[in-house]
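Report on the following structure.
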Amino acid sequence: MTQPEPELDERLTTAKEQHVSDFFDEPENPRPMAQKALLAAESDPVDLRDAGVPPLHVSSFEGSEQNRIDYERGMDFLGLTKRNPQGYVIADAIGATTEEGKPLHVITGVCVPRRAGKTTSFWAITLGRMLRIEDYQVGFTGQTQVKARERFMRDVYDRVVAKWDLTDEACPVKVGIAMGGTYLLVKETRARLTIMAPSS
């Protein structure tokens, strides 16, 4: 006769007292994602980053802790409170730096499943850098400029106007939404995000 499954809270307590990753790797564990999410709420960014499914390949995270704030500030700017492991993996891979503070990678390729927060993570990192770095310039495109603009409007513009009145001087950004002239400008840093055609 099998024992009834312990309540979720009891299993979480046990996980905290023992080796958490072993607990998550138990094949008979029926609710790993719920438990990870609950534990992640109390974890620091590295714990959350490492709580997810390990990537098949990921480059070095060396020096990324100093740039992780870009992802977090960008998520806050977009009004997104939920962080996920893959978001921190992407942020730390992109934010890796040398001892001299130079980017460790000139180009970073990211391949994750659909609906895993890839584009949201990119927006957050981009906006976080724009909030921090003066005169930072970003170009964003997609299959077409129209598709890129649609994604910007849905992922960024809609969230910005939900938080701020763009006509208010207190709004931290200026946004242009004309077709062929869509952009976001951070007033304090003069950093600019421009939606571009793939051929630009």
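What list of whole percents do you get for P(r) of the range 32-132, with Cα-Cα distances grouped in 5 Å bins up to the one holding the largest distance?
2, 13, 24, 26, 21, 10, 3, 1, 0
What list of ³J(HN,Hα) values in whole Hz, one per residue of the range 124-140 in order, does the Karplus curve 6.51 cos²θ - 1.76 cosθ + 1.60 (θ = phi - 60°) give from phi, with Gly and Pro shown as x?
4, 4, 4, 5, x, 5, 5, 6, 9, 9, 5, 6, 5, 10, 10, x, 10
Under 5 Å between amide hydrogens, which residues at least 5 positions from Thr182 or on another chain qualify, with H placed 1.01 Å from N in the peptide plane?
Correct list: Ile195.
Stokes-Einstein D for the range 137-195 at 10 °C, 1.306 mPa s, Kirkwood Rh over Cα pairs, in µm²/s?
Details: Rh = 11.7 Å.
The estimated diffusion coefficient comes to 135 µm²/s.
Using each residue's phi in the range 73-84, evaluate 6.51 cos²θ - 1.76 cosθ + 1.60 at θ = phi - 60° and report the 3J(HN,Hα) Karplus result to the nearest Hz, with x for Gly and Pro.
Going residue by residue, I get 5, x, 4, 4, 4, 7, x, 9, 8, 7, 9, 9 Hz, with x marking Gly and Pro.
Starting from the Cα of Lys147, step 7 Å toward the Cβ, then list every residue of the range 103-137 with an amide N under 18 Å from that point.
Residues 110-120, 122-123 qualify, since their backbone N sits under 18 Å from the label point.
Over the range 76-200, calculate the relative contact order: mean separation of alpha carbon pairs under 8 Å at least 6 apart, over the residue count, as a percent. It would help to have the intermediate numbers written out before the result.
Details: 143 pairs, mean separation 32.7, N = 125.
So the answer I get is 26 percent.
Output the peptides 141-151, 68-78 sorted from most to least packed, where packing is the average of other Cβ atoms within 10 Å over each peptide's residues. All intermediate terms of the calculation are to be shown ahead of the outcome.
Working: 141-151: 15.6, 68-78: 20.3.
For the peptides 141-151, 68-78, the packing ranking is 68-78, 141-151.
Starting from the Kirkwood radius over alpha-carbon pairs of the range 55-200, derive D by Stokes-Einstein at 37 °C in a medium of 0.692 mPa s and give it in µm² s⁻¹. Mind dumping the intermediate values first?
Working: Rh = 15.9 Å.
The diffusion coefficient I find is 206 µm²/s.
Each reported figure results from applying straightforward, stated rules to the coordinates on display, with no laboratory input. All values derive from a computational prediction rather than experimental measurement. Note that we place each Cβ from the backbone using ideal geometry, even for glycine, and neighbour counts take in every protein chain shown.
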